[in-house]
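Structure, as structure tokens:
The values are calculated or read from the model by the stated rules, or taken from the named source; none is laboratory data. What you see is a predicted model; the values in this text were computed from it and never measured. Counting neighbours? That spans all protein chains shown, and the Cβs are built from the backbone with ideal geometry, glycine included.
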Amino acid sequence: MLLVETIVMAWRSLGANKLRSALTVAGIMIGIFSVISVMTTIAALQASIETGLTYLGSNIFQLSKYPLNFSVVGDSRFKNRRNISYADYLRFSRLMGTEAGLICPKVWDNGQQAVFGGRKTNPNLELCGTNEGFTTANDFQIEDGRSLSKEDVEFSRAVCVVGQQVFQRLFPQGGAVGQTIRINERKYEVAGVFASKGGAFGSNDDNTVAIPITRFFQDFGSKNRTIYLAVEARNQLVYERTKGLAIGALRRVRGLRPEDPNDFEIYSNDSLAAAFRSIAGIIRIGAFVISTVALIAAGVGIMNIMLVSVTERTREIGIRKALGARQREIRRQFLLEALFLSLFGAFSGIVLGVAAGNVLAAWLQAQMVFPWGWSLAGILVCSAIGIGFGFYPAQKAASLDPIEALRYE
Amino acid sequence: MPNEIAMEPRLARSGADVVIRIEGITKRYVMGATTVHALKGIDLLIRRNEYLAVMGPSGSGKSTLMNMLGCLDTPTSGRYEFNGQDVANMEDDELAAIRNREIGFVFQTFNLLPRSTSLQNVELPLVYAGVPASERRHRAAEALFRVGLMDRLHHKPNELSGGQRQRVAIARALVNRPSIILADEPTGNLDSQTGREIMTLFENLHEGGNTIIVVTHEEAIARHARRVVRLRDGKIESDHATAHL
């Protein structure tokens, strides 16, 4: 018998029990959906992180009280550490001398709102008190005007450089440089505009406003604030030496004895990417395990429904056998039905999973991706499940005695 | 395929017109602790274009013999040759191939696939014979034409009367040009008027050269046949030609 005939027959008998088929398909779909949506999201984030959406500039590492992983903010392990103060920063700079290419202190306030004329930003600005090194340290480009200067910091001038999103929000007609915006009822002259950079790790770099760190402490106070120290090595060759010296310098500033562990974190783009990879790995394993369990459950569902189907259609099987169907033709028909059920589930799960994963990725401002490898794996696994769990019912159907089957009511 | 079989030398010796040759077949079933001897040594020779009725009360071994004749089952012992092929010792799939090529079944309960149209039902034996789709449709339509259902090609069984359903089943039995048509109580589920129409159809098929075996317990049906074989207690009680009307 031709394969086409078998496919048509299998298709027709699935169509005869639409609800039942759909429910069985849903089981497989959920299993595939869970793995594909998670893998799509992770792949999208990873693609974004590893293709240039970098938080820090090259040859730069950062020292801070907290690791740059937002989930641990509030963790008492980190919270109870002493803040890095402005005085610590000044002493650290003196100790580093000329070793570092630049040292950029950063202190953040993430709940401010900028106003210009009648226009306002959302009250979630990432306001940063910093110095002239900020543009390089955080890998920004200047689109218009200038960066903060040494003098801005020295004289604690009320100037700012605004991110692309802030600029577009407040100055839809352009011409920001030289205008005065207000943040928390204080006036700042716009000295420059950053080019768009996008975001990563749930933050949005285009929502940044940089002001001189000296001005920041005057206007917003220094209580409960900790400085993030970005340090640039002069080149890749001296990177490790600079990093070692910086750690030593900060330990001295903080008065640590040789046996004390560091009470601060050190990280770089590479370590951020590595941290992400390790988290992604754990999430992947979790999604994989959950999906495997879901797919096995769905496979049992397929087997169950196929056994019901074989029993219901005993007489049909008897007729087919009387008319000359061989065992392999009956077996193939039922196997194909099981395979169809699981492949429908696989395809709909992939479509929904990729859609959901990319929606999530878009929300996290990552690139859209299609996880070819995981989709292919999903289809192969589902085929194996369809055939594996469909085999026993199909074999049962194929080996029915035609006389008994014809007599079945 | 049937031509190759016709060339076998065994058949030439036994006479080219012998379709079924049964010698001393027995059938035993083990049912729990007891063994049932359903057939206790049957000899039967059926020639091409015979019209044979198999009769007997229930428990006579009638159904067992029908299953045997239809190659749905194999005997415990004895010889069974179908068109010169030894079917007594065949495997399931070989028997399926014999059923597909050589036997057209007509059942009491019609046994049509409920979700398929007349045409699809009649096509089914051709599907298993590997006949290409266009030829299949053509031959199925032709078979339905022969039973007078040309205008019911795309009806499903539940849209047809009992008589029409049995005609579809007969068309399905004819479509593969089998060596025998094996009918099991073909009028059992029909009213007597429709039953007579079906028997007239068998009459016409017999006159057209078909070999027909009808299994029945009704004398009125058996009278249509040219030869009646009566079974009792697993043995042939009598085997003689009828005074055909």
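The table for this structure:
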| quantity | calculated |
| --- | --- |
| Failed item in (1) in the same structural domain as A:Thr98 (by TED's automatic domain parsing); (2) farther than 23 Å from A:Trp108 by Cα; (3) of a type in the set (Gly, Ala, Ser), with A:Ala191 passing the rest | (2) |
| Positions within the range B:39-49 being within 24 Å of B:Met199 (Cα to Cα) and in contact with a Lys or Arg (Cβ under 6 Å, 6 or more places away or on another chain), in sequence order | B:Leu45 |
| Residues that are touching a strand residue (DSSP E or B) at 6+ places or on another chain (Cβ under 9 Å) and in a helix (DSSP H, G or I), drawn from the range B:173-197 | B:Ala173, B:Leu174 |
| Residue, nearest to B:Cys71 (Cα to Cα), within the range A:386-409, restricted to residues that are of a type in the set (D, E, K, R) and part of a helix (DSSP H, G or I) | A:Glu404 |
| Single residue of A:Gly373, A:Gly353, A:Gly378 found to be assigned by TED's automatic domain parsing to the domain that holds A:Phe288, buried (at least 24 other Cβ atoms within 10 Å of the Cβ), under 20 Å from the mean Cα position of the chain (by Cα) and within 19 Å of A:Thr292 (Cα to Cα) | A:Gly353 |
| Hits in the range A:305-319 - residues which are within 21 Å of B:Phe110 (Cα to Cα) and either touching a residue at least 60 places away in the same chain (Cβ under 8 Å) or more than 7 Å from every other protein chain (Cβ to nearest Cβ) (or both) | A:Val310, A:Thr311, A:Glu312, A:Arg313, A:Thr314, A:Arg315, A:Ile317, A:Gly318, A:Ile319 |
| Residue within the range A:242-251 that is modelled with pLDDT under 90 and out of contact with any Cys (no Cβ under 7 Å at 6 or more places or on another chain) present | no |
| Residue tally, condition farther than 16 Å from B:Cys71 by Cα and polar (S, T, N, Q), over the range B:24-42 | 2 |
| Check on A:Tyr392, within 14 Å of chain B (Cβ to nearest Cβ), surrounded by fewer than 18 Cβ atoms within 10 Å (Cβ to Cβ) and touching a residue at least 12 places away in the same chain (Cβ under 8 Å) | no |
| Counted residues, the range A:2-20 - those being within 14 Å of chain B (Cβ to nearest Cβ), touching a residue at least 60 places away in the same chain (Cβ under 8 Å) and either crowded, with 19+ Cβ neighbours inside 10 Å or basic (Lys, Arg) (or both) | 5 |
| Search result, residues across the range B:224-239 that are more than 28 Å from B:Val36 (Cβ to Cβ) and free of Cβ contacts under 8 Å to residues at least 60 places away in the same chain | none |
| Criterion violated by A:Ala287 - all others in (1) under 30 Å from B:Val122 (Cα atoms); (2) touching a Ser or Thr at 6+ places or on another chain (Cβ under 7 Å) satisfied | (1) |
| Those strands (runs of 3 or more DSSP E) lying entirely in the range B:204-245 with at least 3 residues over 15 Å from the mean Cα position of the chain (by Cα) | B:227-232, B:235-241 |
| A:Ser64 at pLDDT 85 or above, in contact with a strand residue (DSSP E or B) (Cβ under 8 Å, 6 or more places away or on another chain) and away from chain B (no Cβ under 14 Å) | yes |
| Odd one out for A:Val381 among (1) more than 14 Å from chain B (Cβ to nearest Cβ); (2) modelled with pLDDT of 95 or more; (3) out of contact with any Phe, Trp or Tyr (no Cβ under 7 Å at 6 or more places or on another chain) | (2) |
| Some residue of the range A:219-236 being in the same structural domain as A:Arg82 (by TED's automatic domain parsing), touching a Lys or Arg at 6+ places or on another chain (Cβ under 9 Å) and more than 22 Å from A:Asn83 (Cα to Cα) | yes |
| Qualifying positions in the range B:118-145 - polar (S, T, N, Q) and surrounded by 19 or more Cβ atoms within 10 Å (Cβ to Cβ) | B:Ser118, B:Gln120, B:Asn121 |
| Members of the range A:128-149 that are part of a helix (DSSP H, G or I) and of a type in the set (Val, Ile, Thr) | A:Thr135, A:Thr136 |
| Flag for A:Ile302 being buried (at least 23 other Cβ atoms within 10 Å of the Cβ) and either more than 43 Å from the chain's Cα centre (by Cα) or touching a residue at least 60 places away in the same chain (Cβ under 8 Å) (or both) | yes |
| Options A:Gly255, A:Gly324; residue that is within 14 Å of chain B (Cβ to nearest Cβ), in a loop (DSSP other than H, G, I, E, B) and free of Cβ contacts under 8 Å to residues at least 24 places away in the same chain | A:Gly324 |
| Residue check, A:Ala176 surrounded by 15 or more Cβ atoms within 10 Å (Cβ to Cβ), over 31 Å from the mean Cα position of the chain (by Cα) and farther than 22 Å from A:Ile103 by Cβ | yes |
| Residues (modelled with pLDDT of 90 or more, of a type outside the set (D, E, K, R) and either surrounded by fewer than 22 Cβ atoms within 10 Å (Cβ to Cβ) or not assigned by TED's automatic domain parsing to the domain that holds A:Pro123 (or both)) located in the range A:202-218 | A:Thr214, A:Phe217, A:Gln218 |
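Residue-wise test of (1) of a type in the set (Lys, Arg); (2) surrounded by fewer than 18 Cβ atoms within 10 Å (Cβ to Cβ); (3) more than 29 Å from A:Ala246 (Cβ to Cβ).
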{"site": "A:Leu148", "(1), (2), (3)": "no, no, no"}
{"site": "A:Glu154", "(1), (2), (3)": "no, yes, no"}
{"site": "A:Arg157", "(1), (2), (3)": "yes, no, no"}
{"site": "A:Gln168", "(1), (2), (3)": "no, yes, yes"}
{"site": "A:Phe220", "(1), (2), (3)": "no, no, no"}
{"site": "A:Tyr228", "(1), (2), (3)": "no, no, no"}
